[in-house]
Amino acid sequence: MAESWIGVGPEDKFVDGLHTVAVGRRNIVVARLKGRLFAFDALCPHAQGPMERSETEGAIVSCPLHAWRFDLEAGGKELHGYRGLQVHEVKVNDGQVFLAIAS
Amino acid sequence: MASDQRPSYSSIFETVRGVGNLLAPEDFTYYTEIPIDAPESQLVVHLSCMAHYTPHIPVLAQKILQKIGLDCLILGGPENCCGELHKHFKDHDLEKQTVKIAMNGFRRLKPRKVVSICPDCDGVFSAHGVGRMPYQHTNISDLFVEYLDRLKVHMRPVNMRIVTHFHTINAARQRDARNMMTILHAIPSLQILEAEHALGPGIHCQTLHPMPVADQERMFAEARDLGADAVVVPYHSCYRQHCKMQLKYGVAVHHMFNILAMSLTIPFSEPFKEMRLLDNVDAVVEALRPRITQHGYDEKVIRAQITRAIFC
């Protein structure tokens, strides 16, 4: 896991739901679900579906194209046994949200 | 985005996966993703999402094709959704992306033909330019008509009296209806009865826009009064809606592939119909319990899925 933290904005910007932020050339979804912050790739590993439009159920996010389902509390594990979703570490420091983008 | 007023894509696709897995024959194989080292396939059968509830239909399609020496690869699962669902929910950007993924997936296999068994899929693919793809896309009934001479060689008499149900709302459905009649007329001894009330509504019968109950009753009452052994339907969606009528009218419901398979002496079972005719979700859950346990499904969740998929 990369140790380089990148600031993506104040914590209160990330209200409940899904938010897309650009980090370099990548779009990352920052999600507040069940009060917790998660971050993951904006493209589904199946067919590059728009994960920023995921359906959510607790900490499970589901791609709207074909419903690959990813458990964010299990590191992005796909629940049918397919490829997992790339998740990224999130931390909050002094009211600012930081991501450590995995390569 | 999904709203509270409609089911989520996830709940619909999970029902397709869950109930599809429970009803699929052990020897049914299809690809959800094309393996990197997959051989090119001259013929691809596209299995629509809802057809997973009636898996004997694609199984028969494959066996019928094998009978005349045509190998095919089946692509199915929600992973190969045509986008009809997204279209229905007016998520047109998702529809466009989904159908493009499916069509490009077919193209990677470099097929000569892609055949579908679902009229909705036919419609979506056509609307999104499948005609410009380097493969030909048709309903599977076109393929059976194309190879009818080869099929005839293997046909044996089927001593049944049938009424044919069909749809005619557009040119594609009219062609499917003609194809069904051409195929059925080729089967020795099969008696096709003249019926006045066998026309279905819209593109096909389905959960959201089913054949009205009064029309359905009229069709089956007429079939019974004509002394028909069966009402034969062209699509999996019609089959799903009408199976239950067998209980009330004593007239069997068959997909057109069933009749063709009988003629070609291909044995088959009909798990959807077997479950639907139990006429009780508790009985279905009990009947499927070994497979529910095998797959590790949550009983409450799978019961709701079975109710949606089988008792719609």
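Here are some notes:
- Residues in the stretch A:33-51 that are at negative phi and surrounded by fewer than 18 Cβ atoms within 10 Å (Cβ to Cβ): A:R36, A:L37.
- Taking the stretch B:126-143 as the range and being crowded, with 20+ Cβ neighbours inside 10 Å, part of a helix (DSSP H, G or I) and among the polar types (S, T, N, Q) as the test, only B:S141 passes.
- Per-region count, the stretch B:57-98, residues within 13 Å of another protein chain (Cβ to nearest Cβ) and under 20 Å from B:S41 (Cα atoms): 7
- Cross-chain or 6+ apart pairs with Cβ under 6 Å, the stretch B:116-145 first and within 22 Å of B:R178 (Cβ to Cβ), then hydrophobic (A, V, I, L, M, F, W, C) and assigned to a strand (DSSP E or B): B:H137/B:V114; B:T138/B:V115; B:I140/B:V115; B:L143/B:V115
- Extreme residue, surrounded by the fewest Cβ atoms within 10 Å (Cβ to Cβ), among residues of the stretch A:63-103 that are closer than 30 Å to B:G77 by Cβ and touching a residue at least 40 places away in the same chain (Cβ under 8 Å): A:A102
- B:R132 vs. criteria more than 22 Å from B:P58 (Cβ to Cβ) and in contact with an Asp or Glu (Cβ under 8 Å, 6 or more places away or on another chain): no
- Matching residues, the stretch A:14-34, being closer than 17 Å to A:S62 by Cα and assigned to a loop (DSSP other than H, G, I, E, B): A:D16, A:K34
- Residue within the stretch A:83-100 that is hydrophobic (A, V, I, L, M, F, W, C), part of a strand (DSSP E or B) and within 14 Å of chain B (Cβ to nearest Cβ) present: no
- The stretch B:16-56, subset under 16 Å from the mean Cα position of the chain (by Cα) and within 11 Å of chain A (Cβ to nearest Cβ), residue surrounded by the most Cβ atoms within 10 Å (Cβ to Cβ): B:C49
- Residue in the stretch B:19-36 that is in contact with a Lys or Arg (Cβ under 6 Å, 6 or more places away or on another chain) and closer than 24 Å to B:M262 by Cβ present: no
- Taking the stretch B:99-111 as the range and being assigned to a helix (DSSP H, G or I), touching a residue at least 40 places away in the same chain (Cβ under 8 Å) and more than 11 Å from chain A (Cβ to nearest Cβ) as the test, the residues that pass are B:F106, B:R108.
FYI, it's all coordinate maths here, none of it is from the lab. Predicted, not measured: the structure shown is a model, and the values here were computed from it. Positions of Cβ are generated from backbone atoms using ideal geometry, with glycine treated the same way; all protein chains shown enter the neighbour counts.
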